[in-house]
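Report on one structure; see the data block that follows.
The values are calculated or read from the model by the stated rules, or taken from the named source; none is laboratory data. Please read these numbers as outputs of a predicted model, since none were measured by experiment. When we count neighbours, we look across all protein chains shown, and the Cβ atoms used for this are built from the backbone with ideal geometry, even at glycine.
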Number of protein chains: 2
Amino acid sequence: MKRIADSTVRRLSVYLRYLEELEARSIATTSSDELAAHSGTTSAQVRKDLSFFGSFGKRGLGYSVPELTARIRQILGLGREWRVVIVGAGKIGSALSAYRGFTQRGFTVVGVYDNDPSKIGKRWNGETIRDISALETDAVRDRPDIAVLAIPADDVQGEVDRIVRAGIKAILNFAPAQVIAPPGVTIKNVNMAMELEGLSYALSHRE
Amino acid sequence: MKRIADSTVRRLSVYLRYLEELEARSIATTSSDELAAHSGTTSAQVRKDLSFFGSFGKRGLGYSVPELTARIRQILGLGREWRVVIVGAGKIGSALSAYRGFTQRGFTVVGVYDNDPSKIGKRWNGETIRDISALETDAVRDRPDIAVLAIPADDVQGEVDRIVRAGIKAILNFAPAQVIAPPGVTIKNVNMAMELEGLSYALSHRE
């Protein structure tokens, strides 16, 4: 299967949201028109996105909701366990690990780390906060797949380097800094400052 | 000034991150090469992005850091107060309002709302949680610019409709649902489920 664009992966996630809604309401079929209308795109785009992964649906009959849902989940790599470490035992990490969709998608927290001596050893959402300097040795045992990086901007790159040395291949970065990862490591940046600035820009430039 | 793409606005935010770093280190000039290297883009893209807003910098001399920083802040609509209501007095709203960059960018919380009777009237990060049904009448007095929507997926559209009726023109949506806003209202979706699925996809499709 060829490499597909990030924007396509994001739209698959959006389609999945709507398909899960239909599934919850026991609706058996849907159409590219309907998927498009609920996903802020066009039906041509829906058909193009799904065509990357083989043929779906029947002309005039639409898509089977259970079949398409299962196929998109499979494409997105859901339905298996992803082992997650949280680096930074603060409010963002806490909000994320309490998020229902986190466990629903197979994400399991296998460790929580901080560099603050006053936090290390304390309980935090059912986990004991560990010393960040133990990450590399712990990783040999715990085999985490993903690191959630939720620390202040200072020395973000240092922590990214540590995470990469620990053999972790995917990072969800909440720190307000651009980070550079070596090839083979995927970083998703969730940058609150950028979202806020995007809104500020939109409000400043309305007619 | 013509309408510019979201992707350009996002890159301006990234350039601003780096320029603020340079400013903090009292560095007076920078180049499109340097900006590009710290922003994950090309110097041609940097020059193109900045060209939307007039001419910056001098060939061979680069850009003045204070001048370019001030201009990008102005373009992004920073440097004035944006009045924010938080809808959903939970962990995400709490993490956001505690975030240093929030107040640094001129975002001021003017009200926190929830629909849970056990929360209404309680104190929350220095605010008293108000009944969501009061949003529209409060908005006449408080004139909020932005609503942060941090509630569970159920009835997100109902709350979006209420926010829009209250005359608010920008929404930062953390709820795991696609929402439809009328023309003239800007919505930024911060969708944890989608970020997690993006990572899951990347991990599933590595060579």
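Couple of notes before you dig in:
- Residue within region A:20-27 that is in a helix (DSSP H, G or I), more than 17 Å from the chain's Cα centre (by Cα), more than 15 Å from B:TYR201 (Cα to Cα) and free of Cβ contacts under 8 Å to residues at least 40 places away in the same chain present: yes
- Residue count for region B:150-165 satisfying the condition of being over 16 Å from A:LEU203 (Cα atoms) and more than 10 Å from every other protein chain (Cβ to nearest Cβ): 11.
- Residues in region A:124-147 that are under 15 Å from A:SER94 (Cα atoms) and part of a loop (DSSP other than H, G, I, E, B): A:ASN125, A:GLY126.
- Residues satisfying the stated conditions in region B:56-89, i.e. surrounded by fewer than 20 Cβ atoms within 10 Å (Cβ to Cβ) and either among the polar types (S, T, N, Q) or within 15 Å of B:VAL190 (Cβ to Cβ) (or both): B:SER64, B:THR69, B:GLN74
- Within the option set B:ALA175, B:ALA170, B:ALA147, being within 14 Å of chain A (Cβ to nearest Cβ), modelled with pLDDT under 90 and crowded, with 20+ Cβ neighbours inside 10 Å holds for one residue only, B:ALA175.
- Some residue of region B:61-81 being out of contact with any Pro (no Cβ under 6 Å at 6 or more places or on another chain), in a strand (DSSP E or B) and touching a residue at least 40 places away in the same chain (Cβ under 8 Å): no
- A:SER7 within 13 Å of chain B (Cβ to nearest Cβ), under 16 Å from the mean Cα position of the chain (by Cα) and under 30 Å from A:THR128 (Cβ atoms): no
- Looking only at residues in region A:129-160 that are charged (D, E, K, R) and under 13 Å from A:LEU172 (Cα atoms), the one that is nearest to the chain's Cα centre (by Cα) is A:ASP145.
- Residues located in region A:87-123, provided they are touching a helix residue (DSSP H, G or I) at 6+ places or on another chain (Cβ under 8 Å) and away from chain B (no Cβ under 13 Å): A:VAL87, A:VAL110, A:GLY111, A:VAL112, A:TYR113, A:ASP114, A:ASN115
- Test: residue in region B:44-58 that is in a strand (DSSP E or B), out of contact with any strand residue (DSSP E or B) (no Cβ under 6 Å at 6 or more places or on another chain) and on the phi < 0 side of the Ramachandran plot: yes
- Residue match in region B:167-189 (condition: under 18 Å from the mean Cα position of the chain (by Cα) and assigned to a helix (DSSP H, G or I)): no
- Selection status of A:LEU96, closer than 30 Å to B:SER97 by Cα, touching a residue at least 24 places away in the same chain (Cβ under 8 Å) and buried (at least 20 other Cβ atoms within 10 Å of the Cβ): yes
- Candidates in region A:82-106 are the residues that are assigned to a helix (DSSP H, G or I) and of a type in the set (D, E, K, R); of these, the one that is nearest to A:GLU127 (Cα to Cα) is A:LYS91.
- Applying the condition of being buried (at least 18 other Cβ atoms within 10 Å of the Cβ) and more than 7 Å from chain B (Cβ to nearest Cβ) to region A:186-207 and asking which residue is nearest to B:LEU172 (Cα to Cα) yields A:ASN191.
- Scope region A:22-59; condition of a type in the set (D, E, K, R) and either modelled with pLDDT of 85 or more or not assigned by TED's automatic domain parsing to the domain that holds A:ALA70 (or both); matching residues: A:GLU23, A:ARG25, A:ASP33, A:GLU34, A:ARG47, A:LYS48, A:ASP49
- Test: B:SER13 is of a type in the set (Ser, Thr, Tyr), assigned by TED's automatic domain parsing to the domain that holds B:VAL65 and in a helix (DSSP H, G or I): yes
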